[in-house]
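Notes to accompany the following structure.
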Amino acid sequence: MSQVLRQAWWAPLAGLLALALLAFAVVIGVSNSEDDGTTAVVVGVALCLAGAFALAAGLWKRPHARSLGNVLIVVGCVLAVFWFWTLWLPIAGIVVLVGLVSSEVRDRTRPAEAQ
C-alpha cells in the first residue's frame with residue numbers, strides 16, 4: 001500500500017479523492033429525500049462508486065501496467081470532476097490530472113540513460 005501512495009506526489013491526493021468519492025456515495029445513498037427520484041440516487045451512487053474504484057484500481061495497477069493505470073486514474077478523475085457543485089472533488093480531480101500528465105511528460109522527456 002505504501003508503494004502505491006509513494007509513486008508520485010499526487011498519488012496520496014488521488015487516494016484521498018477515492019475515499020471522498022466513497023463517502024459521497026454513502027451520503028447520496030443515505031440522504032434519499034422525497035424530491036429525488038430513485039433513479040437519480042442509484043445513478044449518483046453508481047457514478048461515485050465507479051470513480052472511487054477506478055482511482056483505486058488505477059493507483060494499484062500503475063506501477064505494473066503504467067498505461068492501464070493512467071487510463072483508470074483519468075476515468076476516476078473525470079467522474080470526480082462531474083460533481084462540480086461540491087467544489088472539493090473537482091479541484092482535487094483536476095490537481096491529480098495535472099500531476100499525472102506532468103509526471104508522464106517529465107518521464108518521457110528524460111533521456112533514456114537517466115531513467
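Values quoted throughout were computed directly from the atomic coordinates according to the rules given, and no laboratory measurement underlies them. Since this is a predicted model, take the numbers as computed values, not measurements. Note that we place each Cβ from the backbone using ideal geometry, even for glycine, and neighbour counts take in every protein chain shown.
Among the residues making up the stretch 44-90, those that are among the β-branched types (Val, Ile, Thr) and closer than 18 Å to ALA25 by Cβ are VAL45, VAL75, VAL78, VAL81, THR86.
Is there a residue being among the polar types (S, T, N, Q) and farther than 16 Å from PRO12 by Cα anywhere in the stretch 69-77?
Here is the first cut: in the stretch 69-77, the residues among the polar types (S, T, N, Q) are 70.
Filter again for farther than 16 Å from PRO12 by Cα, leaving none.
Within the stretch 69-77 (the criterion being among the polar types (S, T, N, Q) and farther than 16 Å from PRO12 by Cα), the answer is no, since none of the residues qualifies.
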